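For reference, the structure discussed in these notes is given below.
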Amino acid sequence: MPEKVYVTYNQVHKLCRASAEKILKEFRPNLMIAIGGGGYVPARILRSFLKLPGEPNIPIQAIGLSLYESLGKDDPEEKPGTKVTRTQWLDLSSLEMANLIGKNVLIVDEVDDTRTTLEYAVRELEKDVQLAQKNLGREGEKTTFYIFVLHNKDKSKKGKLPDEMMQSGRYHAAVTTGDVWICYPWEATDIDEHDALAKEHPLI
């Protein structure tokens, strides 16, 4: 059983603020895609820090991917699954997909554990954008993806991100950790207890 550590909303807020400065220097996103459910809160916080004076808020779209599965009703822990399941996706025929064409798209999730979910998200989004470009006659407009996660676990990864993405620095983790079980505040049912546990078992 990996060590359990706890992260607070305050810590997430500060990690997003520090990371936004780096992202703006390197990427300037036009649109964000949050991977649910862990990417929703950091994406919304990050948006406040990515907004430039005089410019509109960056739109946030959402996709739902599930890789974790419950160990059973008597055990609240989860374990990594082996197959990614789509629970929500962008409609290829809609404006959602057309709006990705020619944009800098920031993909946001809370943690890079096995990298399987991120690999799936990037591969499938790239594939769908290429199809939308072909259908709309917009092949010349380049869509560029950049990944942001709060935490990257320093471990052997099952998934693989495109070499060009990694080599060009279009991946940013606010913190790299050991292989620990990270408990996020949006998973807590008692936030006061969660914050107390964060003081006893902090993520260093």
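If you check LYS153, LYS199 for being within 22 Å of LEU65 (Cα to Cα), at pLDDT 95 or above and among the charged types (D, E, K, R), only one passes: LYS153.
Consider region 85-108 and keep the residues that are open to solvent by 10 Å² or more (accessible area, probe 1.4 Å), within 18 Å of TYR40 (Cα to Cα) and not in a loop (DSSP other than H, G, I, E, B). The one that is modelled with the lowest pLDDT is GLU96.
Taking each residue of region 22-46 that is crowded, with 23+ Cβ neighbours inside 10 Å and looking for partners that are hydroxyl-bearing (Ser, Thr, Tyr) with beta-carbon atoms closer than 6 Å, six or more apart or interchain, yields ALA34/TYR40. When TYR120 is tested against (1) over 26 Å from ASN10 (Cα atoms); (2) hydroxyl-bearing (Ser, Thr, Tyr); (3) touching a helix residue (DSSP H, G or I) at 6+ places or on another chain (Cβ under 9 Å), only condition (3) is not met. Restricting attention to region 49-69 and to residues that are polar (S, T, N, Q) and either free of Cβ contacts under 8 Å to residues at least 24 places away in the same chain or crowded, with 19+ Cβ neighbours inside 10 Å (or both), the residue that is farthest from LYS83 (Cα to Cα) turns out to be ASN57.
Look at ALA174 and say whether it is out of contact with any Lys or Arg (no Cβ under 7 Å at 6 or more places or on another chain) and over 20 Å from ILE45 (Cβ atoms). No, not satisfied.
The values are calculated or read from the model by the stated rules, or taken from the named source; none is laboratory data. This one's a predicted model, so the numbers in the text were calculated from it and none came from an experiment. Quick reminder, even Gly has a Cβ in these numbers, built from the backbone with ideal geometry, and neighbours come from all protein chains shown. These accessible areas exclude ligands, DNA and RNA; they are computed on the full protein's heavy atoms, side chains included. Shrake-Rupley method; radii C 1.70, N 1.55, O 1.52, S 1.80 Å.
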